[in-house]
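Peer 1: First the structure, then my questions, so here it is.
The values are calculated or read from the model by the stated rules, or taken from the named source; none is laboratory data. Everything numeric in this text was worked out from a predicted model, so none of it was measured. Reconstructed Cβ throughout: ideal geometry from the backbone, glycine too, with neighbour counts over all protein chains shown.
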Protein chains: 2
Amino acid sequence: MILKLSSSSDIIKGRQKDFTGVIIIADLATGFLYTDFYQLSMAQLYFQEGIAETPARFEHFFRSYPNYGNHQAGYCINAGLGTFLDWLKQARPTETDIDSLAQLTDATGQAFFQPAFLDWLVAVDPYKQLTIRAIPEGRVVHPHEPLTVVEGPLALAQLVETALLNRLNYQSLIATRAARIKQAGEGNLMLEFGLRRAQGQGANDGTRAALIGGADYSSNTGLSCQLGFQPKGTHAHSLVQAFLALGYSERQAFEKFADCFPHNCILLIDTIDTLETGLPAAIEVFQQLRCRGHQPLGVRLDSGDLAYLAVRVAEQLNKAGFEQVKIVLSNQLDELVLTQVLQQIRREAADYGLEPERLINRLVYGVGTRLITSAGDAALDGVYKLVALQKNSRWKPILKLSETPGKVPLPGCKQLYRLYDTRGRATADLLSLAGEKLDFKDQLELYHPYQTNSRRLSGSCLSQVEQLLEEQLVEGRQLVDSQQIEQCRKRCQSDLGRLHPGVRRIINPHGYHLSVTAQLYSLKKRLQRRLK
Amino acid sequence: MILKLSSSSDIIKGRQKDFTGVIIIADLATGFLYTDFYQLSMAQLYFQEGIAETPARFEHFFRSYPNYGNHQAGYCINAGLGTFLDWLKQARPTETDIDSLAQLTDATGQAFFQPAFLDWLVAVDPYKQLTIRAIPEGRVVHPHEPLTVVEGPLALAQLVETALLNRLNYQSLIATRAARIKQAGEGNLMLEFGLRRAQGQGANDGTRAALIGGADYSSNTGLSCQLGFQPKGTHAHSLVQAFLALGYSERQAFEKFADCFPHNCILLIDTIDTLETGLPAAIEVFQQLRCRGHQPLGVRLDSGDLAYLAVRVAEQLNKAGFEQVKIVLSNQLDELVLTQVLQQIRREAADYGLEPERLINRLVYGVGTRLITSAGDAALDGVYKLVALQKNSRWKPILKLSETPGKVPLPGCKQLYRLYDTRGRATADLLSLAGEKLDFKDQLELYHPYQTNSRRLSGSCLSQVEQLLEEQLVEGRQLVDSQQIEQCRKRCQSDLGRLHPGVRRIINPHGYHLSVTAQLYSLKKRLQRRLK
């Protein structure tokens, strides 16, 4: 994302370079100033108080699974860190950024930011000065766990809050939804089609997250090319309409499409009437294709009763000898719709002499609006909280009170473990204090993070224990490549496979356990008493 | 957004220039390829059939007002066109874009796109070849009306569909929500705080739209600076926590903030306990400020019972002589929450000796998640349909059938009028065929677009008739500046003021009339019969 130019005179419009002369491909609205204003106000105060560079630790976590109204997720898929780090890498102020800040005034017309503070902003570099540990993208995560831990100078760690939440909240939301829809579709091919209904350029983050969580491909051409995926798509109703207006028939429109794309022929058959005109025309064109030695790929249904139509379409395709032709479904699909469509096909297929499982296996899903916007719950409630601060070279744990017990974050520097049972299934995640030595072979006492009860778990019930937080950014070295998402997809599939099926359930899933150690539990209680 | 470099050797990384050598500040994922793949497939087919440059007309419209579950909007605010045109201006393929397309293969491994087609893509320029008429941003709009009319070569008008919908659907959704929330807040100052919960970089589109529809300011620093707005904000809980950890008190944290920002002092008072610690500390600090000749600006409440706390906080502030200090409310605000908060304040204020209207007038709202994501209905169902195509130099109207009557778009080239009654209120929008001569002084026959009934309206009931569609892009001349949004804000306020209060109502609004002329109505019926 960074272009180096030979000299500043090369730039005719704009002054998009940082103060070392490196060109930043970001403008006022997408670069260093992509943040809430109060982050800059607080940074100036910390600077003036001489505590801007006091070591601090912030944790990013979410408080509850997405709740889509009539159903709530039982797990989330972590995503977005790579995109955030790409942003952070070039989030250095340009002259334009600093000029803009310098021009801001307070209520009396005086400069809001002091020159000394702006000089400091120019001199620092969050990308080089912050250390970030995080749960890798694609992994299954749960509420109240630290997903991202940012450590470094107080003012810098505070400054990056907004962009971090912006990138990680949304991508985790969409990766989670994609995993659920993929699951409801019983693993069939799933295409992400949401670009037109996405929230502006957030679409690219959404597509990336969908590919991590469960989509196999996307119609989003640029992003697919960038990430090395073949972009996918069929054609629109307008194609048939255009040829009709020019005096051709629906079948002739299909013929022209098949001539142009003999090896990638998927026909949208609901422009006029799916069963009366579209399907017969498609079958004729498929027969011509077959005579020329090509295998037609599929038909797409974008309206009507998708389950019923899929059955009737399969029936006719089979009669014509096109058992291999895929049936692509689209139109407001999500996990509940897909669950119902597959149920209905299982009930209805036999009435038309079809084997339901074979029919289901040939389905492909085009998933648009409800995935890319996470319809029903359009935001993950991820937050970023100060959990520790260094005073006299010692970390001081920090607690934030709240009238709602579930909103009191867990204080201090922590470690996060995932415990697997003897069948290899994730059985609990465990948070301890950073320095705590845990003996996983012994009996563990696991506390509920927000209630007073605890339970015991014998080490003999465990087959594996792993630490979830990994180093991602250390002294300006980024240990993750945002463009390489194949590994994230694998992590996602692997973690989902190791979840208990009850936790993975689409509707009313069983609750997964997040536990805390006795030491962490009592630190929290102690701090709560002290603050009150 | 465009940098011109002196020579191509200046570019060290990437090849982001178009084929005339102009540098495009967009990458694979945000530039020309920011589109659904099928648009490119269809373009290649049109190119091969020799109809890529056949004049075509597409209309963008939405089918239903956003429905937030327990309440539905009665109007929408049109927004996003300027952002789309900015994108279109630089949506020319770069070498990287074309290389990426050239590398794509079909199911048999052969090149998906033909070199001749790619050469054609490089030679054309949608920005210069398309004509766009549209309803200006900020105006009140209704379902089924053409908001944007794109005319030009078939393949190019088709190619821009995705980006147009992506930008306009989302911004109209958010401008609409902002207008509703502003209305529910009874016109008080409203700050857009949603960046951290927005869908990635779509945040910038969302902030822009919020500013058009009703937000006075935003915390989004870069976008605010770009659009010439003062970014706004207070401070976070973490500021108080950081000072607590360093051994200071909440009051001392407030003092430090007040010292740093004596003219912009808004204190967040709910970090420990709003009424027990936060408010008394804020009042002490305000008294110190006053002694030094400064006027404290406000307190912010971000948790708890906002209505009750606002009353109690006002009571104490008044006792201390701070009647002018604003009370900023935040935490999951939307139009329903605000309606309830104001109702409760009207019931409860007198119990504490307060005049409710004076209290309400000093409220300021910080609105985050529920605005920027349009919680409850996260997508506007805007579509883009082919309505006419030229054959032998004559426009042929096009109809798309659907089993749902409300999904059959209105065919042909059209004009759109807004009719105002004698009190100056918008009474109906009227769609006619493009060439139709209407005598608005005479009696008008208005047809329902999707039902068979019609009604008559006498010209004497009308005070004004205006055409809503205006030229926006003609032969590469853009007649609208996306950065100038003050005029959009004025249009929005003016149009809202001319809506009937029943249509403007937040819950269960009265339906606004969209009518069609007899000629348009019978053209649609004729085409429907012909297609069937």
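Peer 1: Pairs please, first residue from the range A:474-487 and touching a residue at least 60 places away in the same chain (Cβ under 8 Å), second anywhere and exposed (fewer than 13 other Cβ atoms within 10 Å of the Cβ), Cβ atoms under 8 Å, 6+ apart in sequence or on different chains.
Peer 2: Every condition considered, the pairs that remain are A:483/A:228.
Peer 1: Within the range A:514-532, track down each residue that is surrounded by fewer than 17 Cβ atoms within 10 Å (Cβ to Cβ), touching an Asp or Glu at 6+ places or on another chain (Cβ under 9 Å) and more than 14 Å from every other protein chain (Cβ to nearest Cβ).
Peer 2: Result: A:518, A:519.
Peer 1: Which one of A:370, A:425 is more than 30 Å from residue A:150 (Cα to Cα), under 24 Å from the mean Cα position of the chain (by Cα) and among the charged types (D, E, K, R)?
Peer 2: Details: A:425 fails: more than 30 Å from residue A:150 (Cα to Cα).
None of the other options fit; the residue is A:370.
Peer 1: Same structure, new question: Residue B:437 is checked against (1) in contact (Cβ under 8 Å) with a residue 12 or more places away in the chain; (2) more than 8 Å from chain A (Cβ to nearest Cβ); (3) closer than 28 Å to residue B:455 by Cα and fails just one. What number does that condition carry?
Peer 2: Among (1) in contact (Cβ under 8 Å) with a residue 12 or more places away in the chain; (2) more than 8 Å from chain A (Cβ to nearest Cβ); (3) closer than 28 Å to residue B:455 by Cα, the lone unmet condition for residue B:437 is (1).
Peer 1: Quick one: which residue in B:399, B:410 is under 17 Å from residue B:525 (Cα atoms), assigned by TED's automatic domain parsing to the domain that holds residue B:498, touching a His at 6+ places or on another chain (Cβ under 9 Å) and crowded, with 21+ Cβ neighbours inside 10 Å? Before the answer, list the steps.
Peer 2: Working: B:399 fails: touching a His at 6+ places or on another chain (Cβ under 9 Å).
None of the other options fit; the residue is B:410.
Peer 1: Could we say that residue A:96 is at pLDDT below 95, crowded, with 19+ Cβ neighbours inside 10 Å and either of a type in the set (Ser, Thr, Tyr) or more than 20 Å from residue B:369 (Cβ to Cβ) (or both) here?
Peer 2: yes
Peer 1: Tell me whether the range A:257-270 contains one or more residues that are touching a Gly at 6+ places or on another chain (Cβ under 8 Å) and of a type in the set (Val, Ile, Thr).
Peer 2: yes
Peer 1: Name the single residue, out of those in the range B:206-226 being part of a helix (DSSP H, G or I) and small (Gly, Ala, Ser), that is farthest from residue B:192 (Cα to Cα).
Peer 2: Ranking the candidates gives B:222 first.
Peer 1: Regarding the range A:218-226, can at least one residue be identified that is in contact (Cβ under 8 Å) with a residue 24 or more places away in the chain, of a type in the set (Gly, Ala, Ser) and on the phi > 0 side of the Ramachandran plot?
Peer 2: No, the range A:218-226 contains no residue that is in contact (Cβ under 8 Å) with a residue 24 or more places away in the chain, of a type in the set (Gly, Ala, Ser) and on the phi > 0 side of the Ramachandran plot.
Peer 1: Then there is this: Output the residue which, of all residues in the range B:488-501 that are without any contact (Cβ under 8 Å) to a residue 60 or more places away in the chain and within 17 Å of residue B:185 (Cα to Cα), is surrounded by the most Cβ atoms within 10 Å (Cβ to Cβ).
Peer 2: Once the filter is applied, the top-ranked residue is B:493.
Peer 1: When the range A:36-64 is examined, which residues are found to be within 10 Å of chain B (Cβ to nearest Cβ), of a type in the set (Phe, Trp, Tyr) and within 26 Å of residue A:449 (Cα to Cα)?
Peer 2: A:58
Peer 1: How do the pairs read when you match residues in the range B:446-457 that are loosely packed, with under 10 Cβ neighbours inside 10 Å with residues anywhere that are charged (D, E, K, R), using Cβ under 8 Å and keeping only pairs 6 or more apart or on different chains?
Peer 2: Cβ pairs passing all conditions: B:456/B:445.
Peer 1: Just checking, how many residues over the range B:227-265 are within 7 Å of another protein chain (Cβ to nearest Cβ) and touching a residue at least 60 places away in the same chain (Cβ under 8 Å)?
Peer 2: Matching residues across the range B:227-265 total 2.
Residue by residue, here is whether (1) part of a strand (DSSP E or B); (2) within 7 Å of chain A (Cβ to nearest Cβ) holds:
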site	(1), (2)
B:354	no, no
B:358	no, no
B:364	yes, no
B:377	no, no
B:389	yes, yes
B:395	yes, no
B:399	no, no
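Peer 1: Further question on the same structure: Kindly indicate which of A:200, A:187 is outside any helix (DSSP H, G or I) and farther than 23 Å from residue A:357 by Cα.
Peer 2: Only one candidate passes the filter, namely A:200.
Peer 1: Considering only the range B:266-288, how many residues are part of a helix (DSSP H, G or I) and within 12 Å of chain A (Cβ to nearest Cβ)?
Peer 2: Quick first cut of the range B:266-288, residues part of a helix (DSSP H, G or I) only: B:274-288.
Next, only the ones that are within 12 Å of chain A (Cβ to nearest Cβ) stay: B:274-278.
Of the residues in the range B:266-288, 5 are part of a helix (DSSP H, G or I) and within 12 Å of chain A (Cβ to nearest Cβ).
Peer 1: I've got another one for you. For the range B:209-226, which residues satisfy the criterion of being at the interface with chain A (Cβ under 8 Å from one of its Cβ atoms) and out of contact with any helix residue (DSSP H, G or I) (no Cβ under 6 Å at 6 or more places or on another chain)?
Peer 2: B:222, B:224, B:226
Quick grid of which residues meet (1) farther than 22 Å from residue B:426 by Cα; (2) modelled with pLDDT of 95 or more:
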| position | (1), (2) |
| --- | --- |
| B:455 | no, no |
| B:477 | yes, no |
| B:482 | yes, no |
| B:486 | yes, yes |
| B:489 | no, yes |
| B:496 | no, yes |
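Peer 1: A follow-up question, please. Going by the structure shown, is residue B:293 surrounded by fewer than 22 Cβ atoms within 10 Å (Cβ to Cβ), outside any helix (DSSP H, G or I), over 36 Å from the mean Cα position of the chain (by Cα) and not acidic (Asp, Glu)?
Peer 2: In short, yes.
Peer 1: Another question, if that's okay. Please verify whether the range A:299-311 includes one or more residues that are more than 10 Å from every other protein chain (Cβ to nearest Cβ) and among the small types (Gly, Ala, Ser).
Peer 2: Yes, the range A:299-311 contains at least one residue that is more than 10 Å from every other protein chain (Cβ to nearest Cβ) and among the small types (Gly, Ala, Ser).
Peer 1: If we keep just the residues of the range A:328-352 that are among the aliphatic types (A, V, I, L, M) and within 14 Å of another protein chain (Cβ to nearest Cβ), which is farthest from residue A:63 (Cα to Cα)?
Peer 2: A:328
Peer 1: Restricting the search to the range B:80-97, which residues are away from every other protein chain (no Cβ under 11 Å) and of a type outside the set (D, E, K, R)?
Peer 2: Within the range B:80-97, B:81, B:82, B:85, B:88, B:90 qualify.
Peer 1: Considering only residues that are part of a loop (DSSP other than H, G, I, E, B) and among the aromatic types (Phe, Trp, Tyr), which ones fall in the range B:231-265?
Peer 2: B:248, B:261
Residues are listed down the side, and each one gets a yes or a no for (1) in a strand (DSSP E or B); (2) out of contact with any Leu (no Cβ under 8 Å at 6 or more places or on another chain); (3) at negative phi; (4) small (Gly, Ala, Ser):
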site	(1), (2), (3), (4)
B:446	yes, no, yes, no
B:451	no, yes, yes, no
B:457	yes, no, yes, no
B:463	yes, yes, yes, yes
B:466	yes, yes, yes, no
B:471	yes, no, yes, no
B:481	no, yes, yes, no
B:489	no, no, yes, no
B:494	no, yes, yes, yes
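Peer 1: Considering only residues that are in contact with a Lys or Arg (Cβ under 7 Å, 6 or more places away or on another chain) and either within 16 Å of residue B:337 (Cα to Cα) or surrounded by fewer than 24 Cβ atoms within 10 Å (Cβ to Cβ) (or both), look in the range B:174-208 and name the one that is farthest from the other protein chains (Cβ to nearest Cβ).
Peer 2: The residue in question is B:183.
Peer 1: Here's something else I'd like to know. State all residues of the range A:434-455 that are farther than 26 Å from residue A:491 by Cα and touching a Cys at 6+ places or on another chain (Cβ under 9 Å); if no residue qualifies, say none.
Peer 2: Passing the criteria: only A:435.
Peer 1: Can you report the number of residues in the range A:78-110 which are of a type in the set (A, V, I, L, M, F, W, C), more than 23 Å from residue A:60 (Cβ to Cβ) and assigned to a loop (DSSP other than H, G, I, E, B)?
Peer 2: Within the range A:78-110, the subset of a type in the set (A, V, I, L, M, F, W, C) is A:79, A:81, A:84-85, A:87-88, A:91, A:98, A:101-102, A:104, A:107.
Filter once more, keeping what is more than 23 Å from residue A:60 (Cβ to Cβ): A:98, A:101-102, A:104, A:107.
Add one more test, that the residue is assigned to a loop (DSSP other than H, G, I, E, B), and what stays is A:104, A:107.
Residues flagged as of a type in the set (A, V, I, L, M, F, W, C), more than 23 Å from residue A:60 (Cβ to Cβ) and assigned to a loop (DSSP other than H, G, I, E, B) within the range A:78-110 amount to 2.
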